[in-house]
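The values are calculated or read from the model by the stated rules, or taken from the named source; none is laboratory data. Bear in mind the structure is a predicted one, so any value in this text is a computation, not a measurement. Note: ideal-geometry Cβ built from the backbone for every residue, glycine included; neighbour counts use all protein chains shown.
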Amino acid sequence: MAHEDIELEAPGGCDSGPSQHEESALGDWFEATEILKKAHFGDIARLMWHCPDLDRAGDGVGDECRDALHLFRRIWSRSTKIASNTVLEVQDTAQPRAYGECVLITQDDIPALARGCAVLGTGGGGEVTTSALIAHQALSECGPVEVVTLADLPPEGILMPVGMIGAPSVSIEKLSSGTEIGSLRRLVEHHTGQPVVALMVSEIGGGNGVLPAAWAARSGLPLLDADGMGRAFPQVDMMSMNVAGLPPSLIVLADERDNAIIVQAVDGHWAELIARSVTEVFGGSAAMSDYVMPVQRARGAIVEGSVSNALRIGRAVVASEHPVEGLLAAVQGIKLIEGKVVDVQRRTAGGFVRGSVVVEGYGADQGRLVRIEIQNENLVALEDGQVRVIVPDLITLVDSQTADAVATETVRYGQRVAVIAMPCDPIWRTKRGLEVAGPRVFGYDFDYVPVEVLHAS
């Protein structure tokens, strides 16, 4: 929410020779006033995080600064009318912004976000645990991340979708340095001549759904409540922006050594080929910003509400006495089978993890065998040669007790799992969506049938 009519005065006590400690608080104060003049709630939250002296300052200035901090806290809690006090007067006439489920991502939100992203990752999207640790550290050092909608951003500003590209099995050992986002942003801003106003998750699934929160915290940018898939897909061209007809006019890749490259591809197919080749040279994984675009071009081309959805799923699982049932309710999903993993075939080739997983049912599913075909993500579930679920609908293996998602690079013999099927975002069920990420794109000689139709009673 922008604050247009704001008059601010420095604390009265600041004129009387403050101590060194008070000078630090005074510097925080003046920084605070400048931020507040053009602030969003997330800016204020970051201010509160970065100015501990406002609570610890000494007498005189300290009292005034504490009053300011209390004011910021009232703004943060979205008070509709802010009372004047001796420090400053604020006349707030702006209307509250429309948000999704969340306004800020804090350290406390990372476990729920990671859990939800792991489910939406359908086995891929990058390793979640490591990404969650990276995000937790970034938010602990840099403060919360503001989550915004398209309506909150200037139309001409640059939106930068971000994530990692490469084989998930590589990302377990080849960690992000945290500097990649700086390299990506510098090249994007240099090439476009416009400032980046927000980051967006390229794919909400797996570690790629969590890591952008860390990058947003370190870059001081808000995170858009959206992504380009509504799940995870293995290829660069399998984006909602491609379905909507937007060209991948600018793609930037960077590695942990500060190598970076700009790719200008003629279409999504060539974007995938070139980006994948560069990733191989970078060691099998790289940070990437793809489908860089002005905010005004994003409407109708992205999957909105993705970050809020991941948080909602994660929180629902934690809150449920029966995690798998809680997950099914949260995602409107179907439990395909519950059983033990009895076979895993997995190899890394061409920047992808490929193979299959076989689950043998127990209990009510005794005697059943379901095979899941994988290419980074779980793509097809087959039983007795018949399709039970097929891409672009979602297939996720979760622990049968905790509902923690099991990634394709970590699934192993003997694990007790439930196989969950979920409907994809409607954009993938369009003719163009199936041309981009339907079963025949992956080499399967099957027509797409929605999961709810396959399992209609």
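A compact table of results
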read-out	value
Exclusive hit being in contact with a Leu (Cβ under 8 Å, 6 or more places away or on another chain) and more than 21 Å from residue 235 (Cα to Cα), set 338, 360	360
Qualifying positions in region 313-346 - touching a Ser or Thr at 6+ places or on another chain (Cβ under 6 Å) and either crowded, with 20+ Cβ neighbours inside 10 Å or in a strand (DSSP E or B) (or both)	323, 338, 345
Residue match in region 237-244 (condition: within 18 Å of the chain's Cα centre (by Cα), part of a loop (DSSP other than H, G, I, E, B) and not assigned by TED's automatic domain parsing to the domain that holds residue 430)	yes
Single residue of region 129-159 satisfying the filter (out of contact with any Cys (no Cβ under 6 Å at 6 or more places or on another chain) and β-branched (Val, Ile, Thr)) that is nearest to residue 185 (Cα to Cα)	158
In region 112-130, the residues that are touching a Lys or Arg at 6+ places or on another chain (Cβ under 6 Å) and surrounded by fewer than 24 Cβ atoms within 10 Å (Cβ to Cβ)	112
Lone qualifier among 265, 271 - being part of a helix (DSSP H, G or I) and in the same structural domain as residue 236 (by TED's automatic domain parsing)	271
Output for region 157-183, where each listed residue is outside any strand (DSSP E or B) and either surrounded by 24 or more Cβ atoms within 10 Å (Cβ to Cβ) or at pLDDT 95 or above (or both)	157, 167, 168, 171, 180, 181
Condition met for residue 310 (touching a Cys at 6+ places or on another chain (Cβ under 8 Å), surrounded by 23 or more Cβ atoms within 10 Å (Cβ to Cβ) and in contact (Cβ under 8 Å) with a residue 24 or more places away in the chain)	yes
Residue satisfying all of: in region 280-328; within 21 Å of the chain's Cα centre (by Cα) and hydroxyl-bearing (Ser, Thr, Tyr); nearest to residue 395 (Cα to Cα) among these	306
Subset of region 360-380 [touching a residue at least 12 places away in the same chain (Cβ under 8 Å), polar (S, T, N, Q) and part of a loop (DSSP other than H, G, I, E, B)]	376
Test for residue 408: is it farther than 20 Å from residue 111 by Cβ, in contact (Cβ under 8 Å) with a residue 12 or more places away in the chain and not small (Gly, Ala, Ser)	yes
Filtered residues of region 413-448 (kept if modelled with pLDDT of 95 or more and under 21 Å from residue 369 (Cα atoms))	413, 414, 415, 416, 417, 418, 419, 420, 421, 422
Number of the condition not met by residue 301 [criteria: (1) out of contact with any Pro (no Cβ under 7 Å at 6 or more places or on another chain); (2) assigned by TED's automatic domain parsing to the domain that holds residue 200; (3) more than 18 Å from residue 124 (Cα to Cα); (4) modelled with pLDDT under 95]	(4)
Leading residue by the ranking (modelled with the highest pLDDT) among those in region 187-218 that are polar (S, T, N, Q) and crowded, with 20+ Cβ neighbours inside 10 Å	202
Members of region 361-379 found to be farther than 14 Å from residue 411 by Cα and surrounded by fewer than 18 Cβ atoms within 10 Å (Cβ to Cβ), listed by number	362, 363, 364, 366, 367, 368, 369
Qualifying residue in region 349-359 (condition: outside any strand (DSSP E or B) and at pLDDT 95 or above)	no
Cβ-Cβ under 9 Å pairs, at least 6 apart or on other chains, region 381-398 side more than 17 Å from residue 368 (Cα to Cα), far side of a type outside the set (A, V, I, L, M) and assigned to a strand (DSSP E or B)	391/377; 391/378; 394/377; 394/378; 395/377; 395/378; 395/388; 396/378
